[in-house]
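K.L.:
Starting off with a structure, shown below.
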Amino acid sequence: MKRALIYGGSGDLAQKFASQLIASGVLVDIVFRSDAKDDEYAKKYNNIYIEKLGYQDFEPSAPYDIIFFPQGIFEPTPYIETDVDTLKKEFQVGLLDIMNLTRKHLDLLKENIDADRRVDFAYIGSTSAYAGFKNTAIYCAVKHGLLGFVRAMNDEYSHTNIRFWLFSMGSMKTKMALKVAGQDHNTFLDAGDVAKRISESLMAENNLFEPEQIIRRRVIR
């Protein structure tokens, strides 16, 4: 049976993705930054971990088959109005923490290496990983960095069955997307549809590998 670890457990996409995996028979562990008080969480997940100070302190104790990283900060602001602390925080959460956590998981795999075992690292990018948009300079830079990291890791581990994915989508119907001004939120992508697409890609038992998937809105208003 496959085991998955999902960071950012309270997020809309993380919750939808977890449901997709559980329905496919995957044991799901999840990491929150705040107490998971809802009893439904305890029934739903295999293990629940709380890291109140941030995910950078989390220490995985066993290798997983799927590791999901949806973390990120989206605060649309003209770059000239952005302070240095905000700049550092967005890079820390959206890129540096993710790279550090990836290294921790790879260390575990190195100690328990199995050439035939498939392991999937799945990262959430954005169409901002391929373009630049006004008032989101830091966010775009972070997502461009994540794209470069995924490309480099796939090359570094091309001799193994460890795979690195970047799923980049347009705006979704999530709490984060409410910060997008001047657009019709009814045209935003449904988080459940996106989660299903990601799950289908990771769970497919074939030799297809699309490491960069861009999921755009067909209608944009």
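FYI, it's all coordinate maths here, none of it is from the lab. This one's a predicted model, so the numbers in the text were calculated from it and none came from an experiment. A quick note on method: Cβ atoms are made from the backbone with ideal geometry, for glycine too, and the neighbour counts reach across all protein chains shown.
K.L.:
What is the dipole size for segment 3-215, taken about its Cα centre, with +1 at each Lys and Arg Cβ and -1 at each Asp and Glu Cβ, in debye to the nearest 20?
P.N.:
Dipole size: approximately 200 debye.
K.L.:
Provide the per-residue ³J(HN,Hα) series for segment 81-96, in order, calculated from phi with Karplus coefficients 6.51, -1.76, 1.60 and θ = phi - 60°, each as a whole number of Hz, with x at glycine and proline positions.
P.N.:
Result, rounded to whole Hz: 9, 8, 8, 5, 4, 5, 4, 5, 5, 5, 5, 5, 6, x, 9, 5.
K.L.:
Please list the non-local residues whose amide H lies under 5 Å from the amide H of Ile215, H modeled 1.01 Å from N, same-chain partners needing a gap of 5 or more.
P.N.:
For Ile215, the qualifying residues are Ser168, Met169, Gly170.
K.L.:
Another question, then. Could you please report the charge total around Asn100, scoring K, R as +1 and D, E as -1 over all other residues with beta-carbon less than 14 angstrom from its beta-carbon?
P.N.:
Spelling it out: positives minus negatives among the neighbours equals -3.
K.L.:
For a 27 Å ceiling on Cα separation, which of these pairs sit above it: Lys43/Lys88; Lys52/Lys196; Lys43/Lys143; Lys43/Lys196; Lys44/Lys143?
P.N.:
Lys43/Lys88; Lys52/Lys196; Lys43/Lys143; Lys44/Lys143
K.L.:
Ok, one more. Out of the trypsin sites (Lys or Arg not before Pro) in segment 1-83, which ones are loop residues according to DSSP with at most 13 other C-beta atoms within 10 Å?
P.N.:
The qualifying sites are Lys37, Lys52.
K.L.:
Order of Tyr139, Tyr79 from fewest to most other C-beta atoms within 10 Å?
P.N.:
Fewest-to-most ranking of Tyr139, Tyr79: Tyr79, Tyr139.
K.L.:
Percent relative contact order of segment 3-215, based on C-alpha pairs within less than 8 angstrom and at least six residues apart?
P.N.:
Value for segment 3-215: 21 percent.
K.L.:
Starting from the Cα of Ser10, step 7 Å along the direction of its Cβ; do the same at Asp116; then give the gap between the two resulting points in nm.
P.N.:
Rounded to a tenth, the inter-label distance reads 4.3 nm.
K.L.:
Then there's this: As an exercise, take the mean of 1/r over every pair of distinct alpha carbons in segment 3-215, invert it, and state the Kirkwood radius in angstroms.
P.N.:
After inverting the mean inverse Cα-Cα distance, the result is 17.8 Å.
K.L.:
In segment 91-141, which trypsin sites (Lys or Arg not before Pro) fall in coil by DSSP and have 16 or fewer other Cβ atoms within 10 Å?
P.N.:
Qualifying residues, ordered by number: Arg117, Arg118, Lys134.
K.L.:
Now for a separate question. Going by C-beta contacts inside 10 Å, put Glu81, Glu156 in order with the fewest on the left.
P.N.:
The order, fewest Cβ neighbours first, is Glu81, Glu156.
K.L.:
I need the calculated FRET efficiency for the pair Asp107 and Thr82, taking r as the beta carbon distance and R₀ as 30 Å, to the nearest 0.05.
P.N.:
Computed FRET efficiency for Asp107 and Thr82: 0.30.
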